[in-house]
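The values are calculated or read from the model by the stated rules, or taken from the named source; none is laboratory data. A quick note: this is a predicted structure, and the numbers were derived from the prediction, not measured. Every residue, glycine as well, gets a Cβ built from its backbone with ideal geometry; the counts of neighbours run over all protein chains shown.
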């Protein structure tokens with residue numbers, strides 16, 4: 001193996017060492033299925049390995065990683081469907097998590113239309129803070145804007161969403 005490949009592997013190992021713990025904790029806070037959480041974390045670092053060049057160097061690496069990680073988890077949650085062959089429909093009650101309900105509302109119905117009506121700047125802040133669960137600081141780092149701008153845009157987005165949904 002080449003020296004460059006070894007350096008990349010070492011860099012990925014260090015990135016994993018620094019960030020996997022807190023990513024795992026935040027994922028577990030959003031999903032009780034340890035298998036899905038582990039898969040999302042693994043998919044995140046595989047994605048980082050394959051697409052490390054996509055990191056533009058703006059903002060914190062932690063914000064970039066969390067954005068990848070939460071999208072991987074959401075993608076896995078969307079794919080998860082009960083197997084009708086294995087499940088007796090009379091005994092199985094499907095319960096959507098709060099996050100799944102919000103995502104369903106964000107993709108369909110009145111909320112989807114209201115979100116689409118937002119400017120791209122406001123929609124990006126709502127995506128980062130509400131759907132991805134980033135803090136104001138993390139969202140600012142991810143979007144390359146100050147935390148105060150995140151707060152201002154979120155305030156404007158809430159006002160516009162209230163108007164659109166009233």
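Mind listing just one residue for me: the one in region 121-133 that is assigned to a helix (DSSP H, G or I) and under 8 Å from the mean Cα position of the chain (by Cα) and, of those, surrounded by the fewest Cβ atoms within 10 Å (Cβ to Cβ)?
Taking region 121-133 and keeping what is assigned to a helix (DSSP H, G or I), we get 121-131.
Those left that are additionally under 8 Å from the mean Cα position of the chain (by Cα): 128, 131.
Values: 128: 26, 131: 16.
Applying the filter and picking the extreme gives 131.
Does residue 36 count as outside the structural domain of residue 144 (by TED's automatic domain parsing) and modelled with pLDDT of 80 or more?
Spelling it out, residue 36 is indeed outside the structural domain of residue 144 (by TED's automatic domain parsing) and modelled with pLDDT of 80 or more.
Within the set of pairs 6 or more residues apart or between chains, which connect a residue that is assigned by TED's automatic domain parsing to the domain that holds residue 74 and loosely packed, with under 11 Cβ neighbours inside 10 Å inside region 105-119 to a residue that is at pLDDT 60 or above and in a helix (DSSP H, G or I) with Cβ atoms less than 9 Å apart?
Between residues of region 105-119 that are assigned by TED's automatic domain parsing to the domain that holds residue 74 and loosely packed, with under 11 Cβ neighbours inside 10 Å and residues that are at pLDDT 60 or above and in a helix (DSSP H, G or I), there is no close pair.
With respect to residue 76, determine if the residue is at pLDDT 55 or above, surrounded by 16 or more Cβ atoms within 10 Å (Cβ to Cβ) and not assigned by TED's automatic domain parsing to the domain that holds residue 28.
no
Any idea how many residues of region 134-166 are modelled with pLDDT under 85, surrounded by fewer than 17 Cβ atoms within 10 Å (Cβ to Cβ) and part of a loop (DSSP other than H, G, I, E, B)?
3
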